[in-house]
Amino acid sequence: MPAAPPTPPAQPPQMPPAAPQPGYGTPQPAPGYGYPQTAPGQPGYGYPQTAPGQPGYGYPQAGAQGGPYAQTQQGGYGYPGQPPYPGGPVPPQGDGGKNPFKGKPAVIVAAAVAALLVIGGGVYFATSGSDGGKKPVADTSHSAVPSGSASVDQGDGKGNGRGDGSDDLNSGAKAGDAKVWLHENDTPLPQGGADQYGPWALGDTVVKAMYKEIVGYAVADGKQKWSVPLDTPICGAAPKPTADGKVVLGVQENNTKDAKCNQLQLVDLATGKLGWKVQVQAEGLFDSMVSLDLAISGNTVAVSRMGGASGYSMTDGKKVFGNPKTGNCHPEAYAGGTKLIAVSSCTDPNNNDLDAPSSEVLQEVDPATGKAKWSFQYDKGWTVARVYSMDPLVVYATNRDKKASNISAFGPDGKLRSSVKTKSSLTANCVGLGIVERSLGGCWGVTADANTLYMATEGKDSGELGVGRSNEVVAFDLNSGAEKWHAAAPKGRTMEPLALENGKLTLYVEPGVEEAASIASLPLTGGTPQITMQSPTSAGSTERNFYDPAAAWVGGRFFLMNTMVKGPKGDNKDNSILSFGK
C-alpha cells in the first residue's frame, strides 16, 4: 500500500505578494477546449492555500502516489493512494501551445486522443473520509471524455446516420414517443474535417457553427431557418451565450494555412445576424493566437489563448482589459456564466530558471476589469482542469505526476467548502481534448444545486450477453463532500444528469443495445429513475452513432451534436446534430 501522507505544516505556505485587490492575480478554459498546467514550489507539503487573510479551512491533502492501478482507465476500483487536493492537468508541451492535432489525419488524432485520455478531461477518481483525523485518499485519475464528431442535413430531418436516407427515424414510433430529427453533414470540409460549435438553443431556434457557416434550425422539426456564411474558418466559440442570445466566435484572419485565430465575431442567435467584428490585440511577444478560448460573463467576453488574455465588451467589441496581472501571477484561462472564474499561473519570484514549474491560482474576477475579487492557491503540480458548476462553484483539478484528481466546492468568498469523498469512478462529458488546448467550461452530464453535486459514474459491463454497460448517478453533500445516495440506471444503460427541474433531477439515458435514448426524472432524495420521454426504437442506431458529442436540454427538448465532423464522401456522411422532444 502507498505510504501515508506527510504531516501538514503548522503554517500553510502563503501566496506571492498581491495587488491591492481583495485577493490577487487573475485569470482560462484557455486556448480552445482543453486543459491546464503545473504549479510553483511553495514551502510545505502540497496543501493548496487560500488567499492571504483567509482562514485555513479544510486544506485538501497531498496527491496520490502512482500505484499498481495508476495507468488504468478505471478509477476507484484499485488500491487507493494518498489524499488529493484541488489541482490540475499538464500544460501543453514542446510546441508553445500550438495544437499538434490540427491538420493531422484522423487516424493520428484518434491514436493521440486515446493516449491523452489517460490524463485528460472529465473526471474519474476516488477519495475516502477526511473527518476525525482521517485524510482524504485519492485513487488513480481517469481521463475525461472530450466531445466531438458530427454532420448536417439540408433535408427534412430524416436519415439513419449512414447517409443513404433510407430509414425514417420515426418509422417505428409508438404512441407517446418523442419525435426525432437529424441532420447529416453535407458541407465539403478540409482534409481532417472541422470542429463544430454549439448547440445553442434559444426559443424556437437551435444554432450550431462549423467551418465557415452558422446555421439555425427550428427546434420542433429541424428545418433550417437561416444560414450565415463567413469569409474565414471558425476557430473558437463561447460555450454559453448571453441571456438574450448573443454569442461570440473566434475566426481566422484569412484562409491561408498559417492564419492566426485573432478575430472576434458577435452573432445574434435569435436572428442569425452578425454584429461587430474586431481583431484581438496582441498582449505581448509570445501571444500566439493559434486558437482562442472564449467565456462570456456580464457584458464581457474573456479571451484566453497561449501567451495572452484579454476582455472585450459585448456591446461594441471594444477592449476592456488586457493581460491583467497581479504580482507574479498572469491569467491563463476563464470560465463564464453568472460569474467570471479564472485560473492564473504564478511563477516563483525567487527562481530565475525559465523552465521552473509554475503554480496555479483559482480566482473570481471582475468582468469589467479582469481584476481578482478573491484567490485560492493550488500547490505545485496541480492544475485546475474544469469548472463543473458556477453557482455553487465546483472545480475539478488533476495532478499528472501524482496520478491524482480532486473535485472541490468553494464558497462565495473563495474559501474551500469541501472536497468530494468517494470510491466511485466519476465522469463528466467535457468538450475538448483537455491537454492540447485548455478549456475550463464546456462540460455536461454534471449539475449542482445549493448544497448537492450530482455526477455520473463510469459505466460497468454487466458481463451478460446482449446487455450493455450500466452506471449510477451519485449525489454529494457540498458541505461535507460525503455521498448522500446512489441511483442505478436502467439495466444495460448509462445515464447522466442534465438539469434540476420542478424539484427533481432530469437525466439523459443513453441508448442501450436495443433501446433508444430516453429522458428520465429522479427525486432529489434518490430512488429509481422514471422514464418521462422516450425516442423511437428506430432512432436507436443513429443515436448510438454520435461519438463524444456536446449536448443540451432546453425547453423540454434534447439536442445532441458531434463536435467534430468530416466532409461527405459519396453517400457516407457524418452525423451533425440530432434532437428529440415533444
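Using the Cα atoms of the range 210-308 to build a convex hull, what is its mean projected area in square nanometres? Kindly include the intermediate steps, with their values, before the conclusion.
Values: hull surface 26.8 nm².
Approximately 6.7 nm², given one-decimal rounding.
Please give the peptides 302-314, 175-187 ranked by average Cβ packing (other Cβ atoms within 10 Å per residue), highest first, as a rough proxy for protection. Display every interim value, and only then the final one.
Numbers: 302-314: 26.3, 175-187: 20.4.
The densest-packed peptide leads the list: 302-314, 175-187.
Determine how large the accessible area of Ser345 is when every protein chain is in place; take a 1.4 Å probe and give Å² rounded to the nearest 10.
My reading of the accessible area for Ser345 is about 0 Å².
Provide the FRET efficiency to the nearest 0.05 for the Asp571-Leu285 pair, computing r from the beta carbons and using R0 = 45 Å.
Details: r = 50 Å, r/R0 = 1.11.
Once the sixth-power term is evaluated, E becomes 0.35.
Enter the accessible area per residue of the range 247-308 (Å², integer; probe 1.4 Å; all protein chains in place). Before the final figure, lay out the partial values.
Numbers: 2520 Å² over 62 residues.
Ligands and nucleic acids excluded, the result is 41 Å² per residue.
For the range 237-354, give the percent of accessible area contributed by carbon and sulfur heavy atoms, probe 1.4 Å, rounded to a whole number.
Taking all protein chains in place, the range 237-354 shows 49 percent carbon and sulfur surface.
Which order do the peptides 260-267, 329-336 take when ranked by the mean count of other beta-carbon atoms within 10 Å per residue, highest first? Could you put the intermediate results ahead of the total?
Numbers: 260-267: 22.5, 329-336: 30.5.
Descending mean neighbour count gives 329-336, 260-267.
First measure r as the distance between the Cβ atoms of Asp401 and Asp449, then evaluate 1/(1 + (r/R0)^6) with R0 = 35 Å and state the FRET efficiency to the nearest 0.05. Could the numbers behind the result be given before it?
On the way: r = 34 Å, r/R0 = 0.98.
With R0 = 35 Å, the Cβ-Cβ based efficiency is 0.55.
Write down the Å³ per residue value for the convex hull defined by the alpha carbon atoms of the range 522-582. Numbers along the way, then the final one.
Numbers: hull volume 7.4 nm³, N = 61.
Expressed per residue, the convex hull around the Cα atoms of the range 522-582 is 122 Å³.
With no solvent and one equal point scatterer placed on each C-alpha of the range 321-477, evaluate the Debye formula and give log10 I(q)/I(0) for q = 0.09, 0.13, 0.14, 0.17 Å⁻¹, two decimals.
For the range 321-477, the Cα-only Debye profile gives -0.34, -0.66, -0.75, -1.05.
Which of the three applies to the range 459-582, rounded, prolate or oblate, going by the alpha-carbon gyration tensor with a ≥ b ≥ c and a/c under 1.5 meaning rounded? Intermediate values should be presented prior to the final figure.
Numbers: a/c = 1.97, a/b = 1.59, b/c = 1.24.
Prolate, since a/c reaches 1.5 and a/b exceeds b/c.
Between Asp221 and Asn299, what FRET efficiency follows from the Cβ-Cβ distance if R0 is 30 Å, with the result rounded to 0.05? Please report the intermediate quantities before stating the final value.
Working: r = 35 Å, r/R0 = 1.16.
After rounding, the FRET efficiency stands at 0.30.
Once you put a point 7 Å from the Cα of Trp485 and another 7 Å from the Cα of Arg544, both along the Cβ direction, what distance in nm separates them?
3.1
Based only on Cα atoms, what Rg/Rh ratio does the range 233-366 have, Rh being taken as Kirkwood's radius? Walk me through the numbers before you get to the answer.
Working: Rg = 15.4 Å, Rh = 15.4 Å.
Reported Rg/Rh (Cα atoms, Kirkwood Rh): 1.00.
For Ala259 and Asp316, compute 0.36 nm times the residue count separating them, minus their Cα-Cα distance, and round to one decimal in nm. If you can, show how the numbers build up before the last one.
Numbers: separation 57, 0.36 × 57 = 20.52 nm, distance 2.46 nm.
Difference between extended and current length: 18.1 nm.
First check a/c for the range 157-267, with a ≥ b ≥ c the square roots of the eigenvalues of its C-alpha gyration tensor; if it is under 1.5, answer rounded, and if not, answer prolate when a/b is larger than b/c or oblate otherwise. Walk me through the numbers on the way to the answer.
Values: a/c = 3.18, a/b = 1.61, b/c = 1.97.
Note, shape of the range 157-267 comes out oblate.
Which GluC sites (Glu not before Pro) from the range 360-453 combine a DSSP loop assignment with at most 10 other Cβ atoms within 10 Å? Mind dumping the intermediate values first?
On the way: sites: Glu360, Glu364, Glu437; in loops: Glu437.
Passing sites in the range 360-453 do not exist.
Indicate the gyration tensor shape class of the range 223-269 (rounded, prolate or oblate), computed on the Cα atoms with a ≥ b ≥ c the square roots of the eigenvalues: a/c under 1.5 is rounded; otherwise a/b larger than b/c is prolate and the rest oblate. All intermediate terms of the calculation are to be shown ahead of the outcome.
Values: a/c = 3.03, a/b = 1.57, b/c = 1.94.
Oblate.
Where the accessible area of the range 430-557 is counted over protein heavy atoms with a 1.4 Å probe, how much of it, in %, is carbon and sulfur?
Numbers: 2350 of 4770 Å².
Here it works out to 49 percent.
The values are calculated or read from the model by the stated rules, or taken from the named source; none is laboratory data. All figures in this text were calculated on a predicted structure; none of them were measured in a lab. Every residue, glycine among them, receives a Cβ derived from its backbone with ideal geometry; neighbour counts consider all protein chains shown. Surface accessibility is based on the protein's heavy atoms, side chains included, excluding ligands, DNA and RNA. Shrake-Rupley method; radii C 1.70, N 1.55, O 1.52, S 1.80 Å.
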